[in-house]
Every structure is written in C-alpha cells, then in structure tokens.
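The values are calculated or read from the model by the stated rules, or taken from the named source; none is laboratory data. Computed from a predicted structure; not experimentally measured. We place every Cβ from the backbone using ideal geometry, glycine too, and count neighbours over all the protein chains shown.
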Amino acid sequence: MLPPMGDNVVVSNMELERLLSMKGGKGEGSYVNNSQAQAMHAKSMLHLLKETLDRVELGDSREKPFVVVDLGCSCGSNTINVVDVMIKHMMKRYEGLGLEPPEFSAFFSDLPSNDFNTLFQLLPPMANYGVSMEECLAAKNHRSYFAAGVPGSFYRRLFPARSINVFHSAFSLHWLSQIPEAVTDKRSSAYNKGRVFIHGADETTANAYKKQFQSDLAGFLRSRSVEIKKGGSMFLVCLGRTSLDPTDQGGGGILFGTHFQDAWDDLVREGLISSEKRDTFNIPVYAPSLQDFKEVVEAEGSFAIDKLEVFKGGSPLVVEQPDDPSQVGKALVNTCRSVSGVLVDAHIGDKLSEELFLRVEKRGTCHGKELLEQLQFFHIVASLSFVQ
C-alpha cells in the first residue's frame, strides 16, 4: 500500500549540502555499480590530465609532500584510479629529472553525506615506503601515497593555504550548491512550474540557474586560489553543452528532462503526489556552455586558462546488448537513481521513489533504441594554472 498523498512529505526545504550524494553502498542502483560510463569518459581524457600534470612545478621534494586532491570524489573506484594515475605520472617526472621523489598525499573530498566507508573499502593497502621507484610504479595492488577523506562543500575553503599541488575534479562542478530560490517561488517569474529540471524551461528560469552556476564556480575558484601552492594546477571536467541556449541542456536535459520528467507527471496524473509536490523538486544541475565557464574564470582572475574545450564523452548508458530494450531501460533507471535517488527519496519517500523509478525504467524500455542514439554527454574540460 502506498501512503496517502498528504503523508508523503519527508523533507521540506531540502538542505542540499546535507543530503546530496551519489547513491552509496554496493546495490544495483548504487554509484559504485553505475559509474562505468564515467570511467570510460575519464579514461578518454587522461592525455589531457597528463598535459596538466606536466605543467605543475615540482618544487623541493625534501621537506614537503606532493599533495593531490580529488574534489567530488564520490564513492566508486574511479577516484582511486585517477589519483593513482596522477601520482604515478608525477613519480615518473621526478625520476626523469633524476630527482628523489617526495612522499605523496591524496585527499578524497566530497560532501559529508558521501559514502566514504564504501570508498575506503575499495582503497588498496599502503605499499611499504623505502622500496625502489620501479617497485612503486609497478605496484598494482598497493598504493604509494597517504590517503585521507575531507568532508565539505568545494564551494568553500577545505584546505590550509598554499598546501595543495594539484586539484582534480571530474563530473561534479555541474552540481549546484543550491536550487535558486526564485525557481521554487510561486511569486517569481522564474518559478519552474510543471518541471523538475530546466531543460525546455522558460528563459528566466534557465538564467536563474546560470547565475547560480556562475556564483558557485567563482566561489570554487576563490577557495582553490588560497589553497593551491605556487606553480600548482587544476584539471576540471563537468557536464557541458554545445548550445548557447541554457534551456537546452543537451545530454543532461535528455536524462532528466524527458522520461524522468514524464515519470513525475505520471505520479501527479495518478494522484500519488500533488502537482505542487512535483514542482518543489528540481534537479540542482546546470550544464554550462564553453562561454559560461570562460567568463567566470576570466572574471575571477586567479587562474590562467591553459586549455578549455568541449569534449564529447558519449552515452552514460552502458549496456551489453544494445538491441535489448529492457537492458536500456534498466541502464536508464540505474543511471538516474545512482545520481538523483538520494534527493528523490528525501523529497517523496522510499515507497513513492520506487514507484517513480519503476516508471522511468518502463519508459526507458519503450524508447530503448532512441535513447541510445540521442543520449550523448558533452563535457567542459579545463586545465588551469595558478596565477602567482
């Protein structure tokens, strides 16, 4: 039995920083088991990451550790893999110059609601220090760095001043710090009535999201400008769009603005939730254009742009048999649930959340071939150097 419509209020005025996280654990809908697409997209960009690492000043290796940070690390193996790549690449740079490598430290940072327990269970054991460079570089089942978790929003300060050599953040900066207040205010012209995302929304609504993204990114850059060491660099990847129109959110729009949207409308139509309950839920995501991103970096002024481009990532749906529509439906619902399930659960409760995602899966199954062809992600890739 589903609860009566009036009893399904779980959280009012959700605090994103307290709630937002990728779905933890190791279940079917968890981020751990639904981040293969991110892994493939990240792998295709490794050459750009290594170009960024080659610009980092090595400094004195005798006194201080070399510190890397992954911001928005989530709880899967992707973050561990990329940190391993970064540290081994820097080891090779030291070795190539005939320098003794420093000790390495890696911080995994995300919001306090992140499933750090699952993340650290995936972390390989520490290798013994004192082994040779060749052994360190060849170690596949051990790590050659000290690890720690840092909870908190990356839109604020997280680390001591001048303590970090390299910042890395992938597939995170499109998540906003909050839903713009005007978007859920019935009295505002930006009120996103009838929608749970800005794809296809009014221009006023989309501009409210754009302003929030710009404010958030500026805060991110200001914080990192205090924390990064001289000669340090950042490598940033976030969901992007190729259209200049912010109401066209590209792949993110198809993911959240079509079958996910329709599933919410189904719940309203069937009397399971009110239209007002739907209208007070919005996905806090904004896929910027290249120009959106560039304007903020240049206006903030702390970092020089070494590289800024739109990179085609491909589909977020990973299926073994593309001709099987049921697999596409399952991939769609698991993708949606892994990144938005926590927010949906908090807004309408577990039982109604299950009903919602059942409808997402059904719609995905009915439109399998179309989804695989149309649902393609583009990413903004930025390599930034600290301006001393």
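Just one of the listed residues (S289, S353, S302) is of a type outside the set (V, I, T) and farther than 21 Å from I380 by Cα, namely S353.
Considering the conditions (1) modelled with pLDDT of 90 or more; (2) under 27 Å from the mean Cα position of the chain (by Cα), T118 is excluded by exactly one of them, (1).
Out of V310, V319, which single residue is of a type in the set (A, V, I, L, M) and part of a strand (DSSP E or B)? So the residue among V310, V319 that is of a type in the set (A, V, I, L, M) and part of a strand (DSSP E or B) is V310. E295 falls short on exactly one of the conditions (1) without any contact (Cβ under 8 Å) to a residue 60 or more places away in the chain; (2) over 18 Å from F281 (Cα atoms); (3) of a type outside the set (K, R), and that condition is (1).
If you check L343, L290 for being out of contact with any helix residue (DSSP H, G or I) (no Cβ under 8 Å at 6 or more places or on another chain), among the hydrophobic types (A, V, I, L, M, F, W, C) and in contact (Cβ under 8 Å) with a residue 40 or more places away in the chain, only one passes: L290.
Here K211 meets each of (1) charged (D, E, K, R); (2) assigned to a helix (DSSP H, G or I); (3) in contact (Cβ under 8 Å) with a residue 60 or more places away in the chain with one exception, condition (3).
Would you mind stating whether A304 is touching a strand residue (DSSP E or B) at 6+ places or on another chain (Cβ under 8 Å) and within 24 Å of A208 (Cα to Cα)? No: the conditions fail for A304.
Considering (1) in a loop (DSSP other than H, G, I, E, B); (2) in contact with a helix residue (DSSP H, G or I) (Cβ under 8 Å, 6 or more places away or on another chain); (3) in contact (Cβ under 8 Å) with a residue 24 or more places away in the chain, the lone condition that A201 does not fulfil carries the number (2). Scanning segment 81-129 for residues that are farther than 23 Å from L158 by Cα, outside any helix (DSSP H, G or I) and among the hydrophobic types (A, V, I, L, M, F, W, C) gives L97, L99, M126, A127. None of P65, P102 is in contact (Cβ under 8 Å) with a residue 60 or more places away in the chain and surrounded by fewer than 23 Cβ atoms within 10 Å (Cβ to Cβ) except P65. In the set (1) of a type in the set (G, A, S); (2) closer than 29 Å to S289 by Cα; (3) surrounded by fewer than 20 Cβ atoms within 10 Å (Cβ to Cβ), the condition left unmet by G341 is number (3).
For segment 344-363, filtered to residues that are farther than 25 Å from S177 by Cα and not hydrophobic (A, V, I, L, M, F, W, C), the residue that is surrounded by the most Cβ atoms within 10 Å (Cβ to Cβ) is E361. Inside segment 216-256, can you point out the residues that are modelled with pLDDT under 95 and part of a helix (DSSP H, G or I)? G250, G251, G252, G253, I254, L255, F256, listed by residue number. Among the residues of segment 64-73, are any of a type in the set (D, E, K, R) and either touching an Asp or Glu at 6+ places or on another chain (Cβ under 6 Å) or assigned to a loop (DSSP other than H, G, I, E, B) (or both)? Taking every residue of segment 64-73 in turn, at least one turns out to be of a type in the set (D, E, K, R) and either touching an Asp or Glu at 6+ places or on another chain (Cβ under 6 Å) or assigned to a loop (DSSP other than H, G, I, E, B) (or both).
All of F171, F220 fail the test of being touching a residue at least 40 places away in the same chain (Cβ under 8 Å) and either within 30 Å of G364 (Cα to Cα) or among the charged types (D, E, K, R) (or both), apart from F171.
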